[in-house]
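The values are calculated or read from the model by the stated rules, or taken from the named source; none is laboratory data. Note that the coordinates shown come from a computational prediction; the quantities given were computed from them, not determined experimentally. Cβ: placed from backbone, ideal geometry, glycine included. Neighbour counts: every protein chain shown.
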Amino acid sequence: MIHLLKPVVFLLAIAVPLHAQRPDVVVMKNGDRFTCTVNKLQAGVLYIDTDYISGSTGLDWSQVAKVESPSEFQITLNDGTRSVGEIRRVAPEGAEGQFVIKSNGVERRTKPAAVVDIESQKSNFWHQLEGGVDAGYDFTSGNSQASLTTNANVKYVTTSWMAGITDTTSFSGVSGASRTNLIDLQGQEARFFKKNWSFYGLEDFLHSSQQSLDLRTTLGGGLGRYLFRTNSTWLVVSGGLVYTHENFTPSVQLESDQNIEGLAGIQYQIMRFDRYTLQSQAFVFPGLSDLGRLRATPKLTFDMKLKNNFYTNLSFWDNYDSHPPPNSKGNEFGISSGVGWTF
């Protein structure tokens, strides 16, 4: 295993200095000029690498006057258009067509404010992945109560589709008493269309001791659309159908159950200049084959940026079921805080 890792470590070690030699140029409105490597535009921040500053430097996109790069990027505009090409931002400020995308020899011009994301086109699949991991631990000495929560996510995005996986685990217990645990593995895929529409798939695998679920499998999908989108804020609504198959823990003495449910979702995110991110989402599953039943999975997460891709967060989540198994909780909710790292 060690022999297999050596080539990977070597390639990662040489990738940064080689990449930093790319002749990109960024000029600020106050005249400051950077010869650098443009990495990405995210949350209104243009990230660059230079040979003389350790780590990535974040520049306020609204204060950038010019950008020139011969390399290819994935560019997303606020109307949902996605493309791959060279980029150029030209002065003067206030003129139409300041941001130029050159793809397959054809130039498209738009306003800089219409640019939502810019992502450097990586050399291979593994470098194109992005995600994060975080963990939090709490202990109370009075009753010897301890809890551990972890989150991990990874996604791959192209100009036409994306795929991602999220894993959430929570373990808690009191000395001398029962312990509870939750494991939730979720996958999402999307096929992008014009005008901010997408077709998406959803897979969810949930184990919850409090709700007497040995495993609930949810499979389905539907249509989603960005109602509005900027480089700092977006709102998505979605709707569709899912199939669920539930296996219960032996203690409730119930046979497995299968249902068809509707799916309605809303996701909102706000980001502020490399400082914090607020993410909220809620999926509602009204029963169709089991009329009157309603499930919901809201989640709210606040991330505060730290140095070197680290962050601290505070999260609230809930799993609600209007018809839980006998002697099981209809709500399983939690609040957690922790420290994480993004890549």
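Identify the residue in region 159-190 that is within 21 Å of F73 (Cβ to Cβ) and more than 14 Å from the chain's Cα centre (by Cα) and, among all such residues, is surrounded by the fewest Cβ atoms within 10 Å (Cβ to Cβ).
Here is the first cut: in region 159-190, the residues within 21 Å of F73 (Cβ to Cβ) are 159-164, 190.
Now restrict to residues that are more than 14 Å from the chain's Cα centre (by Cα): 159-161.
On the way: T159: 17, S160: 10, W161: 15.
Among those that are within 21 Å of F73 (Cβ to Cβ) and more than 14 Å from the chain's Cα centre (by Cα), it is S160.
When you scan region 291-302, do you find a residue that is out of contact with any strand residue (DSSP E or B) (no Cβ under 8 Å at 6 or more places or on another chain), over 25 Å from S172 (Cβ atoms) and surrounded by 14 or more Cβ atoms within 10 Å (Cβ to Cβ), even just one?
Taking region 291-302 first, the residues out of contact with any strand residue (DSSP E or B) (no Cβ under 8 Å at 6 or more places or on another chain) are 291-292.
Imposing the further condition that a residue be over 25 Å from S172 (Cβ atoms) reduces the set to 291-292.
In the following step, the residues that additionally are surrounded by 14 or more Cβ atoms within 10 Å (Cβ to Cβ) were identified as none.
No - not one qualifying residue is present in region 291-302.
Based on this model, can you work out whether D303 counts as under 22 Å from F205 (Cα atoms) and of a type outside the set (S, T, Y)?
Working: under 22 Å from F205 (Cα atoms): no; of a type outside the set (S, T, Y): yes.
No; evaluated as a whole, the condition is false for this residue.
Take the residues of region 314-334 that are part of a loop (DSSP other than H, G, I, E, B) and buried (at least 18 other Cβ atoms within 10 Å of the Cβ): which is modelled with the highest pLDDT?
P324
As an exercise: evaluate N30 against (1) at pLDDT 90 or above; (2) part of a loop (DSSP other than H, G, I, E, B); (3) within 24 Å of F310 (Cβ to Cβ); (4) among the polar types (S, T, N, Q) and give the number of the one condition it does not meet.
Result: N30 fails condition (3) only.
Going through region 256-275 one residue at a time, which ones are under 14 Å from T301 (Cα atoms) and at pLDDT 90 or above?
Answer for region 256-275, where residues must be under 14 Å from T301 (Cα atoms) and at pLDDT 90 or above: Q267, Y268, Q269, I270.
In region 44-61, which residue that is in a loop (DSSP other than H, G, I, E, B) and modelled with pLDDT of 85 or more is nearest to the chain's Cα centre (by Cα)? Write out each step before concluding.
Within region 44-61, the subset in a loop (DSSP other than H, G, I, E, B) is 44, 50-56.
Checking which are modelled with pLDDT of 85 or more leaves us with 44, 50-51.
On the way: G44: 16, T50: 27, D51: 30 Å.
Here the answer is G44.
Among the polar types (S, T, N, Q), modelled with pLDDT of 85 or more, touching a His at 6+ places or on another chain (Cβ under 7 Å) and outside the structural domain of N196 (by TED's automatic domain parsing), is that true of T37?
Numbers: among the polar types (S, T, N, Q): yes; modelled with pLDDT of 85 or more: yes; touching a His at 6+ places or on another chain (Cβ under 7 Å): yes; outside the structural domain of N196 (by TED's automatic domain parsing): yes.
Answer is yes for this residue.
Within the set of pairs 6 or more residues apart or between chains, which connect a residue that is outside any strand (DSSP E or B) inside region 126-145 to a residue that is modelled with pLDDT of 80 or more and not polar (S, T, N, Q) with Cβ atoms less than 7 Å apart?
That search, which allows pairs on different chains as well, returns Q128/Y156; L129/V154; L129/Y156.
Check region 303-310 and report whether any residue there is out of contact with any helix residue (DSSP H, G or I) (no Cβ under 7 Å at 6 or more places or on another chain), in a strand (DSSP E or B) and among the polar types (S, T, N, Q).
Filtering region 303-310 for residues out of contact with any helix residue (DSSP H, G or I) (no Cβ under 7 Å at 6 or more places or on another chain) gives 303-310.
Retained after the next criterion (residues that are in a strand (DSSP E or B)): 303-305, 310.
Next, only the ones that are among the polar types (S, T, N, Q) stay: none.
No, because not a single residue in region 303-310 is out of contact with any helix residue (DSSP H, G or I) (no Cβ under 7 Å at 6 or more places or on another chain), in a strand (DSSP E or B) and among the polar types (S, T, N, Q).
Of the conditions (1) closer than 11 Å to P325 by Cβ; (2) small (G, A, S); (3) modelled with pLDDT of 95 or more, S251 clears all except one; give me its number.
Looking at each condition in turn, S251 falls short on (3).
Take the conditions aliphatic (A, V, I, L, M), surrounded by 13 or more Cβ atoms within 10 Å (Cβ to Cβ), touching a residue at least 60 places away in the same chain (Cβ under 8 Å) and part of a strand (DSSP E or B) and apply them to V38. Does it pass? First the steps, then the outcome.
Details: aliphatic (A, V, I, L, M): yes; surrounded by 13 or more Cβ atoms within 10 Å (Cβ to Cβ): yes; touching a residue at least 60 places away in the same chain (Cβ under 8 Å): yes; part of a strand (DSSP E or B): yes.
Yes: the conditions hold for V38.
In region 88-115, what residues are at pLDDT 90 or above and within 17 Å of T158 (Cβ to Cβ)?
Residue satisfying the conditions is I101 alone.
Can you tell me which residues in region 242-259 are within 30 Å of K195 (Cα to Cα) and exposed (fewer than 15 other Cβ atoms within 10 Å of the Cβ)?
Step one: filter region 242-259 for residues within 30 Å of K195 (Cα to Cα), giving 242-243.
Y243, the sole residue that qualifies.
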